[in-house]
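Take a look at the structure below.
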């Protein structure tokens, strides 16, 4: 027969176990995947988002970040969100165009003047309408993050004129617009996932690629690429996306906490992206042969791409095109 002391001890232990069990049950855990390394603004932003959610929920909601494509590429992770096996990721708008082709409007070449111009359009009604278009795709699109203006690198020659692009095998995102864009510049577009790209350039399967400075540096492309040409041919935005299944598992206050943390993480991420792109340009100039493409040649590239722009614009919802073009004009 148990003594009174043992009974009290057992009751106390049981109480602690029940309390621990209740606490563990109350805690909400989530997983977030990124396709880029820890040093890239995408993953820095993801870590900031996780930190803000943890702080503001007093530890009740914990987000673990898996970086550098460990959970798959943007396409894989977006599909995981839709099935509810992943909770957050940050795909490019080019990736999201497979779910809604209207996202291609963000990637059209030579349309944003600078980052502030992009912010004004994407944070406004035109950009928000695109985010809302994912509501019926088992996704909740929260905010636009910045990858930055894209520039070309290659191992064969500097790109100083439109003609210098001709014949280069250029890796592009797995997106019809980008494939047509580089074929339209007389390059040979080779679509592939970014995590396969270093080896492809090292073995000369492709001659070059196009990305913002942050990706060029984080992926160490300068080790297998000699020339960096500042074309700024397109602006690349990413979207912080949540799984609808995960968001619906939260109460209203928790959902609002996620949304406000997402907004604050967005401001942090954009600031880091812009500061890093500025800093990295000077560092890349010490590792690669860097040249500025003259504005007159960028105009020629834009003119050469007019058929591609028209083709892909015609494939979009007319009301979306009209709203977006009005927003671009109003923000200038």
- Does at least one position in the range 146-155 carry a residue that is over 27 Å from residue 34 (Cα atoms) and in contact with a helix residue (DSSP H, G or I) (Cβ under 8 Å, 6 or more places away or on another chain)? yes
- Item | Filter result (surrounded by fewer than 21 Cβ atoms within 10 Å (Cβ to Cβ) and part of a loop (DSSP other than H, G, I, E, B)) within the range 176-191 | 186
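Conditions (1) over 30 Å from residue 328 (Cα atoms); (2) assigned to a strand (DSSP E or B), marked per residue:
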site: 31; (1), (2): yes, yes
site: 63; (1), (2): yes, yes
site: 76; (1), (2): yes, no
site: 85; (1), (2): yes, no
site: 109; (1), (2): no, no
site: 112; (1), (2): no, no
- Residues in the range 113-120: is at least one under 30 Å from residue 288 (Cβ atoms), buried (at least 22 other Cβ atoms within 10 Å of the Cβ) and at pLDDT 95 or above? yes
- Message: Given the condition part of a loop (DSSP other than H, G, I, E, B) and buried (at least 24 other Cβ atoms within 10 Å of the Cβ), answer yes or no: does some residue in the range 142-160 qualify?
- Response: yes
- Quick check: anything in the range 30-40 farther than 21 Å from residue 92 by Cβ, surrounded by 10 or more Cβ atoms within 10 Å (Cβ to Cβ) and modelled with pLDDT under 95? no
- For residue 70, are the conditions met, namely being outside any strand (DSSP E or B) and touching a strand residue (DSSP E or B) at 6+ places or on another chain (Cβ under 6 Å)? no
- Check whether at least one residue in the range 224-232 is on the phi < 0 side of the Ramachandran plot, over 17 Å from the mean Cα position of the chain (by Cα), surrounded by fewer than 21 Cβ atoms within 10 Å (Cβ to Cβ) and in a helix (DSSP H, G or I), and report yes or no. no
- Checked pairs for the range 57-78, first without any contact (Cβ under 8 Å) to a residue 60 or more places away in the chain and on the phi > 0 side of the Ramachandran plot, second part of a strand (DSSP E or B) and surrounded by 14 or more Cβ atoms within 10 Å (Cβ to Cβ), C-beta under 8 Å and 6 or more apart or across chains, list as 72/33
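The values are calculated or read from the model by the stated rules, or taken from the named source; none is laboratory data. This is a predicted model, so every value here is computed, not measured. In this analysis, Cβ positions are derived from the backbone assuming ideal geometry, glycine residues included, and neighbour counts consider all displayed protein chains.
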